[in-house]
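Peer 1: Can you keep this structure in mind? I'll have questions shortly.
The values are calculated or read from the model by the stated rules, or taken from the named source; none is laboratory data. The structure displayed is predicted, hence computed values, not measured ones. Positions of Cβ are backbone-derived with ideal geometry, glycine not excepted, and every protein chain shown enters the neighbour counts.
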């Protein structure tokens, strides 16, 4: 991906100026690099460290390294998740939920798929009121105290003759 796209993928989606300030680089230089679509490997590493992302992943994302060239077996979570099948991704999610202790008991992929399928089949019918909307009746109900409304207090009328 090009340099500016990579910048926007960082936490907070920084502009070149903001990234320069955070990573202690020259703002005008990064602005020019963003306009050209590329920067130097040194800048990429410094920005990645400033934003606490993997410099290795940053170099791969910006094309300085091929994923095959990276000696580590570790692939970024985002990249691995993008390559995972839906079944694998769902299984990982279920495993994480079960390990989290946020819920009593354990879930299976079948539980999640059954709930999702039931939720889709039982979508509620929209509550559509066929009666036309009557603004005057609403105003009368508000003025009589029968209906509540959230609004700010009225302000003094503007004096159009003010000089």
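Peer 1: When you go through 38, 79, 22 one by one, which is the residue that is outside the structural domain of residue 108 (by TED's automatic domain parsing) and under 30 Å from residue 107 (Cβ atoms)?
Peer 2: Working: 38 fails: under 30 Å from residue 107 (Cβ atoms); 22 fails: under 30 Å from residue 107 (Cβ atoms).
It is 79.
Peer 1: Any residue at all in segment 34-52 that's in a loop (DSSP other than H, G, I, E, B) and in contact (Cβ under 8 Å) with a residue 40 or more places away in the chain?
Peer 2: There is at least one residue in segment 34-52 that is in a loop (DSSP other than H, G, I, E, B) and in contact (Cβ under 8 Å) with a residue 40 or more places away in the chain.
Peer 1: Which condition does residue 22 not pass, out of (1) over 23 Å from the mean Cα position of the chain (by Cα); (2) in a helix (DSSP H, G or I); (3) in contact (Cβ under 8 Å) with a residue 12 or more places away in the chain, if it passes all the others?
Peer 2: Every condition holds for residue 22 apart from (1).
Peer 1: Going residue by residue through segment 5-25, is there one that turns out to be closer than 14 Å to residue 64 by Cα and modelled with pLDDT of 90 or more?
Peer 2: So in segment 5-25, the residues closer than 14 Å to residue 64 by Cα come out as 6.
Still in the running and modelled with pLDDT of 90 or more: 6.
Within segment 5-25, one or more residues are closer than 14 Å to residue 64 by Cα and modelled with pLDDT of 90 or more.
Peer 1: Among residues belonging to segment 82-93 that are assigned to a helix (DSSP H, G or I) and under 22 Å from the mean Cα position of the chain (by Cα), point out the one that is nearest to residue 115 (Cα to Cα).
Peer 2: Quick first cut of segment 82-93, residues assigned to a helix (DSSP H, G or I) only: 82-83, 86-93.
When the remaining residues are screened for being under 22 Å from the mean Cα position of the chain (by Cα), the result is 82-83, 86, 89-90, 92-93.
On the way: 82: 24, 83: 25, 86: 16, 89: 17, 90: 13, 92: 17, 93: 15 Å.
Of everything passing the filter in segment 82-93, 90 is nearest to residue 115 (Cα to Cα).
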